[in-house]
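Asks: Below is the structure I would like to discuss, written out as structure tokens.
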């Protein structure tokens, strides 16, 4: 996109309350038909697009309305796994309350991960440029418990890379031109940074589309996962075959914003200027100040303005005005830079 300072969501949008109730009924009672489920999900996507359009977002997503807790819904489409109960059910919300999966055989996804349907929905419902997000292989693999099928987690990861790569190619074949690999685990795994970049490059190999990489610190129930530090990976991103890096900064009061200067100028950089973990609604002026700050460390022509992460765990009555502030604040800076 040639627009100066385009705006886009990271991926998910706030789920409407009725969809949460509907999804719970589908999972617990199983008494609804295919048409019921399809209609509800299509309505939810239309609502997400409507809110983005009302706010003025330039590059839209489907809000990930058909997904559950970022990656959980994908495991049901992967063979070779057995679902286990969460490690903890009671008490404060946390990552250990997610279901766990044990690897009992070689993993496969012969019917894909179901993301192609998101492309078709967007093609039918919007004329705007859109982005499709795919879960990264490290983020998908790390929570799995190895029991059988593989000698070690590295061998498991190799198959997960192939599953994600095949899904990305299917998305391009369906008409997607802009994909994003979501890898919050890049910033929290503390694995060798060069190895992480190699895995990303292999994940996108042969994918003929613009491909971005989203690196955050986790956002389950509005909580980060681990220490929030980009310093150990930032230098290695020079080697990533990546068209856009999306990073979170707002919830950290823009700590490490100076690291933007180390990113390759051949890529675009999505700068998180909206704190999705907070109920505080930023003003357009505050957003504008944040965009100006980012432009001190990376050319404005290469910046994209985004929230820190997805809005999935942010209530809609907070998410929408935050999204409006994102667009209005970016517009202030865009007019300053263009002289209009």
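Every read-out reported here was derived from the displayed coordinates using simple, explicitly stated rules and does not represent laboratory data. A quick note: this is a predicted structure, and the numbers were derived from the prediction, not measured. Heads up, the Cβs are rebuilt from the backbone with ideal geometry, glycines too, and the neighbour counts pull from every protein chain shown.
Asks: Kindly rank 67-73, 4-10, 24-30 from highest to lowest mean number of other beta carbons found within 10 Å of each residue.
Replies: My ranking of the peptides, most packed first, is 4-10, 67-73, 24-30.
Asks: What FRET efficiency would be calculated for the residue pair residue 111, residue 301, taking the C-beta separation as r and a Förster radius of 51 Å, to the nearest 0.05?
Replies: The pair residue 111/residue 301 has a calculated efficiency of 0.80.
Asks: Want the number for residue 73 to residue 145: 0.36 nm per residue separation, take away the alpha-carbon distance, what's left?
Replies: The residue 73-residue 145 span can extend by a further 24.2 nm.
Asks: Arrange the following residues from fewest to most other Cβ atoms within 10 Å of their Cβ: 75, 279.
Replies: Least crowded to most crowded, the residues run 279, 75.
Asks: Based only on other Cβ atoms within 10 Å, what is the fewest-to-most ordering of 258, 154, 64, 328?
Replies: Listed from fewest to most nearby Cβ atoms, that is 154, 258, 328, 64.
Asks: Only bridges with both residues in the chain count here: give the DSSP antiparallel percent, nearest 5.
Replies: 20
Asks: Given the -39500 (n - 2.57) contribution per DSSP H run of 4+ residues, what per-residue ellipticity at 222 nm results for the chain, rounded to the nearest 500 deg cm²/dmol?
Replies: -11500 deg cm²/dmol
Asks: Determine the shape class of segment 247-340: with a ≥ b ≥ c the square roots of the Cα gyration tensor eigenvalues, call it rounded for a/c under 1.5, and otherwise prolate if a/b is greater than b/c, oblate otherwise.
Replies: Cα axes put segment 247-340 in the oblate bin.
Asks: Rounded, prolate or oblate: pick one for segment 48-92, where a ≥ b ≥ c are the square roots of the eigenvalues of its C-alpha gyration tensor, a/c under 1.5 means rounded, and failing that, prolate if a/b is larger than b/c, else oblate.
Replies: oblate
Asks: By its C-alpha gyration tensor, with a ≥ b ≥ c as the square roots of the eigenvalues, how is segment 1-132 shaped: rounded for a/c under 1.5, else prolate for a/b larger than b/c, else oblate?
Replies: Since a/c reaches 1.5 and a/b is larger than b/c, the shape of segment 1-132 is classed as prolate.
Asks: Let me ask something else about it. Taking the number of other C-beta atoms within 10 Å as the exposure measure, put 214, 317 in order starting with the fewest.
Replies: 317, 214
Asks: Going by average Cβ neighbours within 10 Å, how do the peptides 198-208, 158-168 rank, with the highest at the top?
Replies: For the peptides 198-208, 158-168, the packing ranking is 158-168, 198-208.
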